[in-house]
Amino acid sequence: MPQRPLHHQFPSDFVWGVATSSFQIEGAAHEGGKGESIWDRFCRQPGAIADASNGDIACDHFHRLESDLDLIASLGVNCYRFSISWPRVQALGHGEFNPGGLDFYERLVDGLKARGIRAFATLNHWDLPQGLQERGGWNDRDTVHRFVDYARHVQARLGDRLDGITTHNEPWVVAVLGHEQGSFAPGIRSRRTAAQVCHHLLLSHGLALQALRADGAKARLGIVLNLSSCVPATAMPEDIAAAAMADARGRRWYADPLFKGRYPGEVLAELGGDAPAVQPGDMAAIAQPMDYLGVNYYTRTVVSAGGEAWGARERGLPVTDMDWEVYAPGLTDLLVLLHRDYPGLPPVYVTENGGAFKDATLARGRVQDDDRIAYLREHIAAVAAAMRQGVPMAGYMVWSLMDNFEWASGYLKRFGIVHVDYATQKRTPKASAEWYRDFLTAWRG
Ligand code: PNW
């Protein structure tokens, strides 16, 4: 049966957006009483960031809010996903809230509403106040309660105008890259710490949902996980087992507590003495019903029992500038798997999807990023395929609105559908931005 055109495969209430995060775009790192974040600190560690850069200026979004709002509106999206910088709102993460710390976000949210765009706010996109890191950071159980206070403070001011509140972005990255591999802030290398950090992130999510609901939440509440579909490199039993274990560590370790109230036993067994300390009531708190699940998908993971000897590039597969394989069917596979594993799965948003491509060549004011257009089209089609298989898809958001600070890669990797010239801060929509706008115009009909 021939498929209808892609834009006709999505309902009229589908949410289409672009996404960013505070540290990656705002700059203004030391203004208006903002405290230091663990990423401000980490960037100063020699060798931590590929181009030795930092987020002091980034895309200078903090000073360019109005024109960036117009830029977002020009894309024709009906949703914008952003994050709130905790140290901007509460310098140390404990004690006094910064007077005026939410003013910027109030202008942002009101500016979105005035343009008819939904506002999806993430409370923690990794820029933890350094003042909390000094007290042990996410490894310390008190940080859980500090996060709940911060969440309530944000909701009290903005809750009536937010469409979605996401507690955490990608606990896997915070736990594993931040505390086990140490390649991201705060640069700690301990499997035991990573496991405890993860438990505290999930617990703070659950307790925040309880508190926000007790306060009369109007926005929809959820969490964002970075997930991949794990496939065995060969049909050999040991590769199949290794892929199942990778799936348990990367997906079920997060989703099982959220939807089933328990950690997967095989991962607990593997951790042994490094398993997190869990107090009575924690698992029930984590398993609060959610209004939505956010899924960030970039690539699949090919797993072999002997560890990954060859990357996707070496295997001759199509890759992005991050060397992440371009594999759109993996998104369908992942979404279908989530729907199968978790009965009663809430509406799912793809909260990030996109690619870094070497498109910095701004020729005569134009970036012809055909590889990114193909990437986006294929992955949007993969979302439609998941919907046909019954997955309750509610939205799709491109990572990212504009080129920005790509963490340990600094400004060397460009994920934007809008090009940023960092010397002048000039924004130039790439061909992919025009493609997305035209796609959304066609969808609107
Ligand atoms: C996500 N990995 O990060 C983040 O949510 C964004 O802030 C980021 O810019 C985007 O993806 C692109 O990297 C990830 O190593 C970083 O698997 C690293 C990984 C996954 C996600």
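The values are calculated or read from the model by the stated rules, or taken from the named source; none is laboratory data. Note that the coordinates shown come from a computational prediction; the quantities given were computed from them, not determined experimentally. Cβ atoms come from the backbone with ideal geometry, glycine included; neighbour counts cover every protein chain shown. Just the protein is used for accessible areas: all its heavy atoms, side chains included, with ligands, DNA and RNA removed. Shrake-Rupley method; radii C 1.70, N 1.55, O 1.52, S 1.80 Å.
Laid out as a table, the results:
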read-out	value
THR234, sole failed condition from (1) open to solvent by 10 Å² or more (accessible area, probe 1.4 Å); (2) away from the ligand (no atom under 14 Å from the Cβ); (3) touching a residue at least 60 places away in the same chain (Cβ under 8 Å); (4) within 30 Å of LYS113 (Cα to Cα)	(4)
Check on VAL420, crowded, with 22+ Cβ neighbours inside 10 Å and touching a Cys at 6+ places or on another chain (Cβ under 8 Å)	yes
Only one of PHE97, PHE62 that is assigned to a helix (DSSP H, G or I), touching a helix residue (DSSP H, G or I) at 6+ places or on another chain (Cβ under 7 Å) and surrounded by fewer than 23 Cβ atoms within 10 Å (Cβ to Cβ)	PHE62
Scan of the stretch 388-413 for residues that are more than 16 Å from the chain's Cα centre (by Cα) and either open to solvent by 10 Å² or more (accessible area, probe 1.4 Å) or over 27 Å from GLY27 (Cα atoms) (or both), ordered by number	ARG388, GLN389, GLY390, VAL391, PRO392, MET393, ALA394, SER409, TYR411, LEU412, LYS413
Which numbered condition LEU331 fails, given (1) among the hydrophobic types (A, V, I, L, M, F, W, C); (2) away from the ligand (no atom under 13 Å from the Cβ); (3) touching a strand residue (DSSP E or B) at 6+ places or on another chain (Cβ under 6 Å)	(3)
Verdict on LEU108 being open to solvent by less than 30 Å² (accessible area, probe 1.4 Å), under 30 Å from PRO392 (Cβ atoms) and in contact with a helix residue (DSSP H, G or I) (Cβ under 7 Å, 6 or more places away or on another chain)	yes
In the stretch 417-445, the residues that are under 19 Å from the mean Cα position of the chain (by Cα) and under 25 Å from TYR292 (Cβ atoms)	ILE417
Condition broken by PRO289, with the remaining ones in (1) closer than 21 Å to VAL144 by Cβ; (2) open to solvent by 30 Å² or more (accessible area, probe 1.4 Å); (3) without any contact (Cβ under 8 Å) to a residue 24 or more places away in the chain satisfied	(3)
Filter result (under 27 Å from GLY344 (Cα atoms), open to solvent by 20 Å² or more (accessible area, probe 1.4 Å) and out of contact with any helix residue (DSSP H, G or I) (no Cβ under 8 Å at 6 or more places or on another chain)) within the stretch 292-325	TYR298
Residues of the stretch 171-190 satisfying the condition of being part of a loop (DSSP other than H, G, I, E, B) and without any contact (Cβ under 8 Å) to a residue 60 or more places away in the chain	GLU180, GLN181, GLY182, ILE188, ARG189, SER190
Residue within the stretch 163-185 that is over 27 Å from GLN279 (Cα atoms), more than 16 Å from the ligand (Cβ to nearest atom), modelled with pLDDT of 95 or more and not acidic (Asp, Glu) present	no
